[in-house]
Each structure stands twice: as C-alpha cells, then as structure tokens.
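The values are calculated or read from the model by the stated rules, or taken from the named source; none is laboratory data. Not measured: the values here are computed from a predicted model. Methodologically, a virtual Cβ is constructed for each residue, glycine included, from the backbone with ideal geometry; neighbour enumeration extends over all protein chains shown. Ligands, DNA and RNA are stripped out before the accessible areas are found, and what is left, the full protein with its side chains, is counted by its heavy atoms. Shrake-Rupley method; radii C 1.70, N 1.55, O 1.52, S 1.80 Å.
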Amino acid sequence: MREKRKILVGRVVSDKMDKTVVVKIDTRKPHRLYHRIVRSTKRFKAHDEGNVCHIGDLVRLIESKPISREKRWAVIEIVERGDVADIQPAEVTS
C-alpha cells in the first residue's frame with residue numbers, strides 16, 4: 001500500500017524551464033518560545049508535463065518520486081489563474 005503523499009498549495013514564481021515550474025510555498029506557524037506568528041517561504045521545483053502553468057498561478061503540488069536532481073514534486077491542478085501583465089516594461093515606456 002502506498003503511503004499518503006504530501007500535498008502543498010503555492011504560487012508559481014518562474015516558468016522559464018521546460019516542463020518545470022518553481023513554486024513558492026508560504027507557511028505560518030507560532031514561534032516556539034515567543035509565540036509570535038513567524039512566516040517562512042520555501043521554493044520547490046515541480047514537474048509540469050504540459051507546460052500549462054504560468055507565473056502568478058495558484059497550483060496544488062503532490063509529492064512524487066525523484067524526477068531530476070531537484071524535482072520531487074508534480075503539479076496536480078491549477079487552482080486559480082494568476083493575472084500578470086502580458087507586456088514587458090520596455091513596451092510601456094515607448
């Protein structure tokens with residue numbers, strides 16, 4: 001029986017690689033001594049078979065077997081499409 005695999009939700013911060021996206025996961029937990037909420041951010045490389053994810057998308061990841069040296073996650077679904085401008089800053093100033 002396969003163990004239950006971890007599932008994370010995060011934002012895509014880079015989609016420049018082929019079949020790979022970089023996803024930023026934000027976590028919040030209380031500090032163990034001071035009991036103040038501490039935010040931490042971690043970036044994961046995830047497998048995106050169809051190259052359908054783009055910057056700003058909210059995606060759901062599942063833990064998988066190692067796909068490459070740094071990829072151990074795969075994109076299950078796109079929860080929400082991000083709204084990022086399609087034009088570059090150089091085009092705005094023209």
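Just to verify a result, which residue in the range 10-35, among those that are out of contact with any strand residue (DSSP E or B) (no Cβ under 7 Å at 6 or more places or on another chain) and either among the basic types (Lys, Arg) or within 16 Å of Gly50 (Cβ to Cβ) (or both), is most open to solvent (accessible area, probe 1.4 Å)?
Among residues in the range 10-35 that are out of contact with any strand residue (DSSP E or B) (no Cβ under 7 Å at 6 or more places or on another chain) and either among the basic types (Lys, Arg) or within 16 Å of Gly50 (Cβ to Cβ) (or both), the one most open to solvent (accessible area, probe 1.4 Å) is Arg32.
Are there any pairs with C-beta distances below 6 angstrom linking a residue in the range 14-29 that is at pLDDT below 95 to a residue that is in a strand (DSSP E or B) and exposed (fewer than 11 other Cβ atoms within 10 Å of the Cβ), with the two at least 6 apart or on different chains, and if so which?
Hits for this filter: zero, empty list.
Would you point out the residue of the range 53-84, among those that are open to solvent by 90 Å² or more (accessible area, probe 1.4 Å) and part of a loop (DSSP other than H, G, I, E, B), that is nearest to Asp15 (Cα to Cα)?
So, considering only residues that are open to solvent by 90 Å² or more (accessible area, probe 1.4 Å) and part of a loop (DSSP other than H, G, I, E, B), the one nearest to Asp15 (Cα to Cα) is His54.
Quick one: is Gly50 within 19 Å of Lys16 (Cα to Cα) and surrounded by fewer than 11 Cβ atoms within 10 Å (Cβ to Cβ)?
In short, yes.
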